[in-house]
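Here is the structure we will look at, set down as structure tokens.
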Amino acid sequence: MKLRTSILLCLFACTTTETKPASSPDAGVTNPIEAVEAGADCVFNQDCDPSLRCSACDAGYCFCEPGARGAGKNGVDTCDSGDQCESALCVEGPSSTGESYCSADCSPGHATCAGMLPKCVTVSGLGSFCAR
């Protein structure tokens, strides 16, 4: 599977876990990394404090930073960058469309893969996400 360079830059994960406080929008979600404040490592927006987004990718790592999160839905909405997606992850869709689509974390307890990204793939050291 061919992934866009921007995807590869945003798919590095640590091994610790964290559960968001009950007051957060992602309550009850166990995250693959421990990132809650600006500057912390992230893979998806859910890895950051709700007031931050996962972006600012540099040298293969992404960081939580202030800014509006995207609204693009997993497997449904097309994208040019992760900043347009709810998850912060934009991947190449089916070759027949030539488009990229918003993806999401599909590890147990997270998103269900559907639409243009029906498969949950796991990349060692990076995590699980919806793909074509």
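Residue by residue, here is whether (1) under 11 Å from the mean Cα position of the chain (by Cα); (2) surrounded by fewer than 24 Cβ atoms within 10 Å (Cβ to Cβ); (3) without any contact (Cβ under 8 Å) to a residue 60 or more places away in the chain holds:
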| position | (1), (2), (3) |
| --- | --- |
| 59 | no, yes, yes |
| 89 | yes, no, no |
| 97 | no, yes, yes |
| 105 | yes, no, no |
| 108 | no, yes, yes |
| 124 | no, yes, yes |
| 130 | yes, no, yes |
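Within region 55-77, can one find any residue that is of a type in the set (Asp, Glu) and assigned to a strand (DSSP E or B)?
Step one: filter region 55-77 for residues of a type in the set (Asp, Glu), giving 58, 65, 77.
Checking the rest, the ones that are also assigned to a strand (DSSP E or B) come to 58, 65.
Yes, because at least one residue in region 55-77 is of a type in the set (Asp, Glu) and assigned to a strand (DSSP E or B).
Could you list, in sequence order, the residues of region 25-42 that are modelled with pLDDT under 50, surrounded by fewer than 24 Cβ atoms within 10 Å (Cβ to Cβ) and touching an Asp or Glu at 6+ places or on another chain (Cβ under 8 Å)? Write out each step before concluding.
Looking only at region 25-42, we keep the residues that are modelled with pLDDT under 50, and these are 25-33, 35.
Narrowing further to those that are surrounded by fewer than 24 Cβ atoms within 10 Å (Cβ to Cβ): 25-30, 32-33.
Passing the criteria: 30, 32, 33.
Criterion first (crowded, with 19+ Cβ neighbours inside 10 Å and modelled with pLDDT of 85 or more) does residue 45 satisfy it? Lay out the reasoning, then the answer.
Values: crowded, with 19+ Cβ neighbours inside 10 Å: yes; modelled with pLDDT of 85 or more: yes.
In short, yes.
Yes or no: residue 115 in contact (Cβ under 8 Å) with a residue 12 or more places away in the chain, at positive phi and part of a loop (DSSP other than H, G, I, E, B)? Give the steps one after another, and end with the answer.
Numbers: in contact (Cβ under 8 Å) with a residue 12 or more places away in the chain: yes; at positive phi: yes; part of a loop (DSSP other than H, G, I, E, B): yes.
Yes; evaluated as a whole, the condition is true for this residue.
Give region 87-97 a look and list any residue that's touching an Asp or Glu at 6+ places or on another chain (Cβ under 9 Å) and assigned to a loop (DSSP other than H, G, I, E, B), or say none. Write out each step before concluding.
Of region 87-97, the ones touching an Asp or Glu at 6+ places or on another chain (Cβ under 9 Å) are 87-90, 92-93.
87, 88, 89, 93, listed by residue number.
Please verify whether residue 72 is crowded, with 19+ Cβ neighbours inside 10 Å and either at pLDDT below 90 or farther than 23 Å from residue 38 by Cβ (or both), treating the condition exactly as stated. Don't jump to the end; show me each part of the working.
Details: crowded, with 19+ Cβ neighbours inside 10 Å: yes; either at pLDDT below 90 or farther than 23 Å from residue 38 by Cβ (or both): no.
When the stated conditions are applied, residue 72 does not pass them.
The values are calculated or read from the model by the stated rules, or taken from the named source; none is laboratory data. Values in this document were obtained by computation on a predicted structure and should not be read as measured data. Positions of Cβ are backbone-derived with ideal geometry, glycine not excepted, and every protein chain shown enters the neighbour counts.
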